[in-house]
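Beneath this line is the structure, given in structure tokens, with notes to follow.
The values are calculated or read from the model by the stated rules, or taken from the named source; none is laboratory data. Keep in mind the model is a prediction, meaning the values are calculated, not measured. Neighbour counts run over all protein chains shown; Cβ positions are idealised from the backbone, glycine included. The area values use the complete protein model at the heavy-atom level, side chains included, leaving out ligands, DNA and RNA. Shrake-Rupley method; radii C 1.70, N 1.55, O 1.52, S 1.80 Å.
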Amino acid sequence: MEIAKPPALSAARQEEPWIDTSAGSWKTAADYHIFCVKSKEETAMQIDKLRGRELDQLFKAILSLRDLEECYRFFDDLCTVNEIQALAQRLEVARMLREGYTYHKIETETGASTATISRVKRCLNYGNDAYAMALDRIKEEQQQEEKEANEAVTD
């Protein structure tokens, strides 16, 4: 089911109907935002609907890649250029949102639509913390590489 984008939560619109209740369980933007703040234990991951042998195989294949070059080769075979760019763009949007960039700046620098930026922000705020986990690990790895490079220069 495709979920409609919620309207702004101005006081006047919080109770304004915005979704066909036959297509979803939210009647107003306020209902939607209440849903978003439920604990993670109460809401399943979206991807749980897709769990199975094929998705496990995909993730195991990704986990089997040994370096960046293998990733480039695998994703070149697996995805279109546009699909790869869309994934990379979402990760960059997440990084920029975490660093406090405005929607306008993110839109200008990445070319991402405001809908994409909003979706990534919703995942950062109410998702599985996977963007944060990945970005933190990337940052830690970069810091470690910089530290090792600095130590090599001083030796």
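Please find the FRET efficiency linking residue 122 to residue 149, where r is the Cβ-Cβ separation and R0 is fixed at 30 Å, and quote it to the nearest 0.05.
0.20
Which number comes out as Rg/Rh for the stretch 61-155 once both Rg and the Kirkwood Rh are worked out on C-alpha atoms?
1.04
Leaving out ligands, DNA and RNA, and with a 1.4 Å probe, what % of the accessible surface on the stretch 60-155 is carbon or sulfur?
Ligands and nucleic acids excluded, carbon and sulfur give 50 percent.
Over all alpha-carbon pairs of the stretch 97-152, lay out the pair-distance distribution in 5 Å bins, whole %, shortest bin first.
Over the stretch 97-152, the share of Cα pairs per 5 Å bin runs 4, 17, 19, 19, 16, 11, 8, 5, 1 percent.
What value in Å³ per residue do you get for the convex hull of the alpha-carbon atoms in the stretch 51-97?
97
List every residue whose amide H lies under 5 Å from the amide H of residue 65, counting only residues 5 or more places away in sequence or on a different chain, with H placed 1.01 Å from N in the peptide plane.
Hits under the 5 Å cutoff: none.
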